[in-house]
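Step one of this worksheet: look at the structure below.
Coordinate-derived values only; no laboratory data. No experiment lies behind these values; they were computed from the predicted model shown. Backbone-built Cβ (ideal geometry, glycine too); neighbour counts: all protein chains shown.
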Amino acid sequence: MSAAQRDDPRRSWPRTVAEAVERLLASLSAADLDSLRRMPEQQLINLHFGLALHIRNEFGLWAGNGDLLSACGTDEADAASAAIVHALWARLQKAD
């Protein structure tokens, strides 16, 4: 494997919604997770330009992460990031 292949950010992209959620759980602060857990579901859309934008950028949704887009059931980065935010929120609801 070449150095370019090892350094390719695509190698670290999550491929499933569950993997994306696990990475977010590990990387977000306890305060951010608590805030998300307390947020009413209908307000998740307010995260479109914050958390969801971070997801689109960091998880390659605009850069060709077809596996994750497919796992989200869409080929649209915005819809995929919304699905991941919702899955994270739902996981936090189960933590209560």
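Note on region 14-94: Cα-only Rg and Dmax are 11.6, 32 Å. Relative contact order of region 14-94: 43 percent, from C-alpha pairs under 8 Å at least 6 residues apart in sequence.
If R0 equals 22 Å, the separation of the Cβ atoms of Thr16 and Ala90 corresponds to a calculated FRET efficiency of about 0.90.
What you get for region 14-94, charging only the Cβ of Lys and Arg (+1) and of Asp and Glu (-1), is a dipole of about 260 debye around the Cα centre.
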